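*Asks:* Once you've had a glance at the structure underneath, I'll fire off some questions.
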Amino acid sequence: MLHDGLAAGAATSAGVATGALPSHRSRSILPIRNVQSSSTAVTGRFEESPLSVQLSLSVNGRAVTATVDARTLLVEFLRNELALTGTHVGCDTGQCGACTVLLDGRAVKACNMLAAQANGAKVMTIEGLAAADGTLHPMQAAFKECHGLQCGFCTPGMVMSAVDLVERHPKADEKTIREQLEGNLCRCTGYQNIVHAVQQGAAAMAK
Amino acid sequence: MGANDQSLIGQSVRRKEDVRFLTGVGQYTDDVVHPHQTYAYFLRSPHAHAKIRNIDTAKAKAAPGVVGVFTGADLDGVNGLPCGWLITGTDGKPMNEPPHPVLAQGKVRHVGDQVALVVADSVLQAKDAAESIDVDYEVLPSVVSCVDALKAGAPQIHEQAPGNKCYTWALGDKGAVDAAFAKAAHVTKLDIVNNRLIPNAIEPRAAVASYSRADDSYTLYVANQHPHVERLLMTAFVLGLPESKLRVIAPDVGGGFGSKIFLYAEETALVWASKRVNRPIKWAAERSESFLTDAHGRDHVTHAELALDKDGKFLAMRVQSTVNMGAYLSTFASSVPTILYATLLAGQYTTPAIHAEVTASFTNTAPVDAYRGAGRPEATFVVERLVHQAGVDMKMAQDEIRRRNFIRTFPYATPVALTYDTGNYDATLDEAMKMADVAGFAARKAEAAKRGKLRGLGYSTYIEACGLAPSNVAGALGARAGLYEAGQVRVNPTGSVTVFTGSHSHGQGHETTFAQVVAGRLGIDIGNVEVIHGDTGRIPFGMGTYGSRSLAVGGTAIVKALDKVIAKGKKIAAHLLEAAEADIEFADGKFTVAGTDRSKAFAEISLAAYVPHNYPLGTLEPGLEETAFYDPTNFTYPAGSHICEVEIDPETGVVEVVAFTACDDFGNVINPMIVEGQVHGGVAQGIGQALLERCVYDAETGQLLTGSYMDYAMPRADDLPSFKVGTKVTPCTHNPLGAKGCGEAGAIGAPAAMMNAVHDALLASGVTRIDMPASPHRVWAALQAARA
């Protein structure tokens with residue numbers, strides 16, 4: 001039942017064995033080891049001196065460096081440190097997909113990985129999807145045109161998942177789209193117009 | 001859309017609000033950041049029922065980053081949370097209304113009950129500190145079933161509610177019903193469980209409270225569906241403040257479905273504590289807290305009977321329901337299984353005598369209150385399951401038994417207190433049957449049988465009552481609030497318009513629909529209309545959004561304000577055009593002297609109103625801004641026909657919804673795209689209830705077993721088909737828009753349609769009862785039992 005692009009999030013949160021993890025996950029873990037091994041500031045008990053890590057990554061095309069508490073989740077880093085509040089927290093267990101962002105071009109659930117795991121990566125959030133002049137990405141435009149959103153809360157994650165979905169399945173039929181969106185919950189739309197939007201967005205992205 | 005475009009009405013205008021949501025710049029409550037803000041964490045009860053012997057907060061108060069730790073003992077002068085609807089029982093006494101404390105007072109009554117509030121510089125510090133609070137509990141036996149709670153010897157939850165009873169309430173003429181049953185040719189009987197649901201808006205509840213020492217006032221950002229009522233209840237009933245000292249802002253809200261109507265303990269505690277710590281406090285529920293503490297929905301256990309004559313005419317209906325209030329009375333809990341339930345038991349039918357008796361009990365579970373449809377899905381499920389079963393019993397086609405009993409003369413007074421203004425139930429049924437290709441069903445069923453699958457078709461011809469009103473009637477029935485709506489139209493000097501509405505949009509698209517209404521009526525560009533909602537500091541008053549009321553009630557208030565704007569505009573135009581006011585006509589955005597080509601554009605009139613150099617100052621105030629309050633004379637009555645087709649794999653018990661058709665009558669439609677979207681979402685929640693969703697508490701411990709998305713089965717994209725949606729129109733007769741409301745229809749009609757389809761599919765196998773949700777396990781087990 002797991003959406004292949006989002007398997008990392010769902011699998012780790014639920015503690016369920018789910019087969020192979022996508023490659024980006026193992027790749028993004030490496031830099032955190034580097035940070036930990038090279039850090040000389042990490043001393044004492046955890047409660048007394050929270051472990052901090054240094055990050056260097058690209059967010060929406062902008063170079064970002066920061067030092068954060070090692071426990072910081074990627075979604076917390078995006079929302080609280082970078083003020084990119086378009087990425088939402090809907091369940092904090094990797095189930096709802098509202099926090100989906102692109103990590104090196106692949107959809108991941110940002111509530112379900114540490115900011116440190118994104119070290120060295122290129123992160124794209126909903127704020128980075130439209131063109132610099134404000135022109136909507138074809139998938140954003142398709143969601144508007146097809147009424148693929150109502151309250152808007154799941155929308156950023158849904159759109160980011162859809163972009164990744166189309167990259168992997170440029171000619172997906174309805175069944176495939178529904179299966180691939182299984183990791184993103186929407187309580188408003190009944191998904192029908194989201195499916196239309198993904199189809200329309202896919203056609204526009206192919207042009 | 002160009003100016004002067006009356007044709008805006010009925011057009012699928014793309015939504016004005018979408019770009020901010022699609023680009024990530026919407027502002028939900030958890031996105032609000034105040035300087036020096038702190039973070040709240042609520043320590044909650046791990047037990048379903050326990051006495052609190054002692055709470056030791058000393059360690060927590062000394063923990064790093066902590067700025068405040070509060071328990072029930074600290075809330076001096078803070079009242080409990082009120083219930084907004086008084087139900088009077090069959091014994092003539094008011095319902096039992098036990099206290100609903102903001103923080104536990106000596107006892108906890110459900111898992112998740114809030115025990116202490118910790119405020120700290122960070123969420124993690126607040127959580128860490130909460131962990132160090134030592135609560136000495138004396139665990140008590142608990143009860144979670146609404147039926148078990150009423151049994152002798154059940155654990156007593158509130159002193160003020162002996163036997164855990166909230167009320168027994170009844171509606172209808174019992175004598176007439178008994179007499180009709182005595183002479184019936186056939187009686188159909190059913191036992192029905194309406195499964196408990198958890199609303200699960202994808203945005204968890206959240207609040208940010210701040211206090212200003214400068215003027216001793218508070219500001220609360222909160223994910224809420226009706227900020228004025230939130231303010232009224234919190235200030236007047238709980239905190240003892242003047243309303244003017246609290247501004248409530250419900251910014252972008254990520255879905256509500258009823259669960260964000262209510263006044264909750266958390267935001268109340270935050271407002272109170274913000275003065276004590278003198279810093280803003282933010283709280284956002286974790287999903288597990290949402291599962292534990294958002295008001296749940298449904299949870300009825302019902303026995304229902306339908307009496308028929310030999311021709312299949314309904315003679316009478318008898319309904320007995322036991323319903324779950326949870327541990328405390330939530331804001332509108334008492335009205336949902338009574339006023340919003342029993343009144344709908346006539347459905348679309350001429351059943352001349354109906355009697356319903358409802359007993360509500362307290363249990364050690366989260367409070368239960370309105371969830372999308374609120375009482376009406378439960379009523380529709382009772383009626384439509386009975387009608388389906390009667391058709392089976394009497395070997396009548398499902399459309400035929402319905403048609404024999406349809407109401408066709410309006411207005412129609414039901415035996416359960418409502419008067420339907422208008423409708424055409426044959427029209428929606430005919431259209432739905434065409435759309436669903438009912439004629440081709442037999443062939444599809446035969447084809448499915450060749451593949452070893454069981455196909456079934458189910459109908460639900462539902463009615464709902466929306467836009468609850470008028471206030472005086474509701475007041476006589478126990479409502480403790482008014483049921484009107486307010487709208488304010490501010491025409492700015494250069495002709496743009498700002499509309500302030502007491503309705504609240506949390507996905508419904510009011511910024512677009514209301515702008516269509518305003519732009520269409522004023523003949524101005526829709527881009528020049530801005531709709532503002534969700535802020536007690538900017539909007540005169542409001543009763544918010546619930547019960548599919550926003551367009552019919554809130555939209556009408558705006559129309560009434562527009563009428564005043566146009567009337568004043570005519571006075572100004574008459575002055576400028578040196579004509580009699582009676583000769584001024586307004587159309588296509590122009591004020592014209594009748595029969596001439598002399599006219600003034602809307603923006604010329606607005607400019608004159610604000611720059612009154614050539615203006616009748618002696619008789620007319622400057623400015624162009626009008627407010628209207630609209631209290632409807634009746635409910636509206638959306639109705640429709642839903643037809644569901646399922647295919648069941650008897651080997652696995654898996655039910656697949658292969659087709660779902662909805663043909664609804666919502667009265668006049670302003671934006672068909674938005675209406676269809678509302679139907680899609682409602683149907684998805686209805687199918688969710690019938691196929692997937694079920695809130696389960698452990699009967700022994702009272703622990704919530706379905707407390708995460710791994711355990712509570714939310715409908716996902718691959719659980720649902722694409723729906724076929726259509727409309728037929730009989731305009732509402734008592735509001736100027738002719739609108740009835742569309743928000744809940746899907747959730748009301750769909751569960752019965754789907755479960756009727758499931759029972760139809762299983763009929764030949766001898767299965768007679770499947771409760772919601774029709775999970776593979778239940779269906780498979782029923783098939784095995786029927787074979788044995």
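Matching residues to (1) outside any loop (DSSP other than H, G, I, E, B); (2) at pLDDT 95 or above; (3) at the interface with chain B (Cβ under 7 Å from one of its Cβ atoms):
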residue	(1), (2), (3)
A:HIS147	no, yes, yes
A:VAL159	yes, yes, yes
A:ALA162	yes, yes, no
A:LEU181	yes, yes, yes
A:LEU185	no, yes, yes
A:GLN200	yes, yes, no
A:MET205	yes, yes, no
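*Asks:* Among the residues of the stretch B:206-252, how many are crowded, with 23+ Cβ neighbours inside 10 Å and small (Gly, Ala, Ser)?
*Replies:* Within the stretch B:206-252, residues that are crowded, with 23+ Cβ neighbours inside 10 Å and small (Gly, Ala, Ser) number 6.
Residues are listed down the side, and each one gets a yes or a no for (1) closer than 30 Å to B:ASN671 by Cα; (2) surrounded by 23 or more Cβ atoms within 10 Å (Cβ to Cβ); (3) among the small types (Gly, Ala, Ser); (4) facing chain A (nearest Cβ under 10 Å):
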| site | (1), (2), (3), (4) |
| --- | --- |
| B:THR23 | yes, no, no, yes |
| B:THR29 | yes, yes, no, no |
| B:VAL32 | no, no, no, yes |
| B:LEU43 | no, yes, no, no |
| B:PRO46 | no, no, no, no |
| B:ALA60 | no, yes, yes, no |
| B:GLY65 | no, no, yes, no |
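*Asks:* Consider B:GLU647 carefully, then state whether it is in a strand (DSSP E or B), without any contact (Cβ under 8 Å) to a residue 40 or more places away in the chain and touching a strand residue (DSSP E or B) at 6+ places or on another chain (Cβ under 6 Å).
*Replies:* In short, no.
*Asks:* Being at the interface with chain A (Cβ under 7 Å from one of its Cβ atoms) and over 23 Å from B:ASP535 (Cα atoms) is the filter here; which residues of the stretch B:7-21 pass it?
*Replies:* B:ARG14
*Asks:* Of everything in the stretch A:78-103, what is outside any strand (DSSP E or B), within 17 Å of A:ALA63 (Cβ to Cβ) and more than 9 Å from every other protein chain (Cβ to nearest Cβ)? Give them in sequence order.
*Replies:* Hits for the stretch A:78-103 are A:LEU78, A:GLU81, A:LEU82.
*Asks:* For residues that are out of contact with any Lys or Arg (no Cβ under 9 Å at 6 or more places or on another chain) and assigned to a loop (DSSP other than H, G, I, E, B), scanning just the stretch B:257-287, find the one that is nearest to the other protein chains (Cβ to nearest Cβ).
*Replies:* Filtering the stretch B:257-287 for residues out of contact with any Lys or Arg (no Cβ under 9 Å at 6 or more places or on another chain) gives B:261-263, B:265, B:268-269, B:271-274, B:276-277, B:279-282, B:286-287.
Narrowing the set further to residues that are assigned to a loop (DSSP other than H, G, I, E, B) leaves B:261-263, B:279-280, B:286.
Values: B:ILE261: 15, B:PHE262: 17, B:LEU263: 21, B:ARG279: 17, B:PRO280: 15, B:GLU286: 5 Å.
Per the criteria, the residue is B:GLU286.
*Asks:* Identify all residues within the stretch B:188-211 that are away from every other protein chain (no Cβ under 14 Å) and either touching a Gly at 6+ places or on another chain (Cβ under 6 Å) or more than 30 Å from B:LEU691 (Cβ to Cβ) (or both); write none if there are none.
*Replies:* B:ALA207, B:ALA209, B:SER210, B:TYR211
*Asks:* Yes or no: B:ALA684 more than 14 Å from chain A (Cβ to nearest Cβ) and either touching a Gly at 6+ places or on another chain (Cβ under 6 Å) or outside any strand (DSSP E or B) (or both)?
*Replies:* Numbers: more than 14 Å from chain A (Cβ to nearest Cβ): no; either touching a Gly at 6+ places or on another chain (Cβ under 6 Å) or outside any strand (DSSP E or B) (or both): yes.
So B:ALA684 does not fit the description; no.
*Asks:* Another question about this same structure. Would you mind finding the one in A:ALA202, A:ALA197, A:ALA162 that is surrounded by fewer than 24 Cβ atoms within 10 Å (Cβ to Cβ) and hydrophobic (A, V, I, L, M, F, W, C)?
*Replies:* A:ALA202
*Asks:* Next question. Name every residue in the stretch B:211-243 that is polar (S, T, N, Q) and in contact with a helix residue (DSSP H, G or I) (Cβ under 8 Å, 6 or more places away or on another chain), in order of residue number.
*Replies:* B:SER217, B:ASN224, B:THR235 - these are the residues of the stretch B:211-243 that are polar (S, T, N, Q) and in contact with a helix residue (DSSP H, G or I) (Cβ under 8 Å, 6 or more places away or on another chain).
*Asks:* Then there's this: Checking B:SER145 against (1) within 28 Å of the chain's Cα centre (by Cα); (2) over 30 Å from A:THR85 (Cβ atoms); (3) of a type outside the set (D, E, K, R); (4) surrounded by 21 or more Cβ atoms within 10 Å (Cβ to Cβ): exactly one of these is not met. Which one?
*Replies:* Every condition holds for B:SER145 apart from (4).
*Asks:* Considering B:LEU562, B:LEU576, which residue is closer than 23 Å to B:THR627 by Cβ and touching a residue at least 24 places away in the same chain (Cβ under 8 Å)?
*Replies:* Checking each option against the conditions leaves just B:LEU562.
*Asks:* Could I ask something else about it? Can you tell me which residue among B:GLY495, B:GLY487, B:GLY507, B:GLY534 is within 14 Å of chain A (Cβ to nearest Cβ), farther than 22 Å from B:SER12 by Cα and at pLDDT 95 or above?
*Replies:* That would be B:GLY534, the only listed residue that is within 14 Å of chain A (Cβ to nearest Cβ), farther than 22 Å from B:SER12 by Cα and at pLDDT 95 or above.
*Asks:* I'd like to verify a number: residues in the stretch B:653-673 that are surrounded by fewer than 20 Cβ atoms within 10 Å (Cβ to Cβ), touching a Leu at 6+ places or on another chain (Cβ under 7 Å) and closer than 21 Å to B:SER722 by Cα, how many?
*Replies:* Number satisfying all stated conditions: 0.
*Asks:* Among the numbered criteria (1) more than 28 Å from B:ASN194 (Cα to Cα); (2) within 18 Å of the chain's Cα centre (by Cα); (3) not hydroxyl-bearing (Ser, Thr, Tyr), which single criterion is violated by B:LEU263?
*Replies:* Looking at each condition in turn, B:LEU263 falls short on (1).
*Asks:* Quick one: A:PHE153 ticks every box in (1) part of a loop (DSSP other than H, G, I, E, B); (2) free of Cβ contacts under 8 Å to residues at least 40 places away in the same chain; (3) crowded, with 24+ Cβ neighbours inside 10 Å except a single one, so which number is it?
*Replies:* Only one criterion is unmet by A:PHE153, namely (2).
*Asks:* In this structure, does A:ARG106 turn out to be surrounded by fewer than 24 Cβ atoms within 10 Å (Cβ to Cβ), within 11 Å of chain B (Cβ to nearest Cβ) and of a type outside the set (Gly, Ala, Ser)?
*Replies:* Numbers: surrounded by fewer than 24 Cβ atoms within 10 Å (Cβ to Cβ): yes; within 11 Å of chain B (Cβ to nearest Cβ): no; of a type outside the set (Gly, Ala, Ser): yes.
No.
*Asks:* Can you find a residue in the stretch B:718-737 that is assigned to a helix (DSSP H, G or I), modelled with pLDDT of 95 or more and surrounded by 24 or more Cβ atoms within 10 Å (Cβ to Cβ)?
*Replies:* Looking through the stretch B:718-737, none of the residues is assigned to a helix (DSSP H, G or I), modelled with pLDDT of 95 or more and surrounded by 24 or more Cβ atoms within 10 Å (Cβ to Cβ).
*Asks:* Quick one: which of A:LEU74, A:LEU78 is touching a Ser or Thr at 6+ places or on another chain (Cβ under 6 Å) and not charged (D, E, K, R)? Before you say what the answer is, go through the steps one by one.
*Replies:* Numbers: A:LEU74 fails: touching a Ser or Thr at 6+ places or on another chain (Cβ under 6 Å).
On inspection, the qualifying residue turns out to be A:LEU78.
*Asks:* Here's a follow-up. State whether one or more residues within the stretch B:695-710 are in a strand (DSSP E or B) and touching a residue at least 40 places away in the same chain (Cβ under 8 Å).
*Replies:* The answer is yes, given that some residue of the stretch B:695-710 is in a strand (DSSP E or B) and touching a residue at least 40 places away in the same chain (Cβ under 8 Å).
*Asks:* From (1) more than 8 Å from chain A (Cβ to nearest Cβ); (2) surrounded by 18 or more Cβ atoms within 10 Å (Cβ to Cβ); (3) not hydroxyl-bearing (Ser, Thr, Tyr), pick out the condition that doesn't hold for B:ASP698.
*Replies:* (2)
*Asks:* Residue by residue through the stretch A:109-133, note down the ones that are out of contact with any helix residue (DSSP H, G or I) (no Cβ under 9 Å at 6 or more places or on another chain) and within 10 Å of another protein chain (Cβ to nearest Cβ).
*Replies:* Residue satisfying the conditions is A:GLY128 alone.
*Asks:* Could you grab the pairs with beta carbons closer than 9 Å, sequence gap of 6+ or different chains, first residue in the stretch B:181-203 and closer than 27 Å to A:ASN184 by Cα, second one in a helix (DSSP H, G or I) and of a type in the set (Lys, Arg)?
*Replies:* B:ASN200/B:ARG287
*Asks:* Could you list, in sequence order, the residues of the stretch A:162-199 that are more than 20 Å from B:GLY681 (Cα to Cα) and of a type in the set (S, T, N, Q)?
*Replies:* A:THR176 - this is the single residue of the stretch A:162-199 that is more than 20 Å from B:GLY681 (Cα to Cα) and of a type in the set (S, T, N, Q).
*Asks:* Let me ask something else about it. Check off (1) part of a loop (DSSP other than H, G, I, E, B); (2) touching a helix residue (DSSP H, G or I) at 6+ places or on another chain (Cβ under 8 Å) for B:ARG521 and give me the number that stays unchecked.
*Replies:* (1)
*Asks:* I'd like to check which helices (runs of 4 or more DSSP H) are fully inside the stretch B:367-468 and have at least 3 residues that are touching a helix residue (DSSP H, G or I) at 6+ places or on another chain (Cβ under 8 Å) and assigned by TED's automatic domain parsing to the domain that holds B:GLN678.
*Replies:* B:376-393, B:398-403, B:425-435
The values are calculated or read from the model by the stated rules, or taken from the named source; none is laboratory data. For clarity, every value in this text was computed on a predicted model and none was experimentally measured. Please note: Cβ atoms are built from the backbone with ideal geometry, for glycine as well, and neighbour counts cover all protein chains shown.
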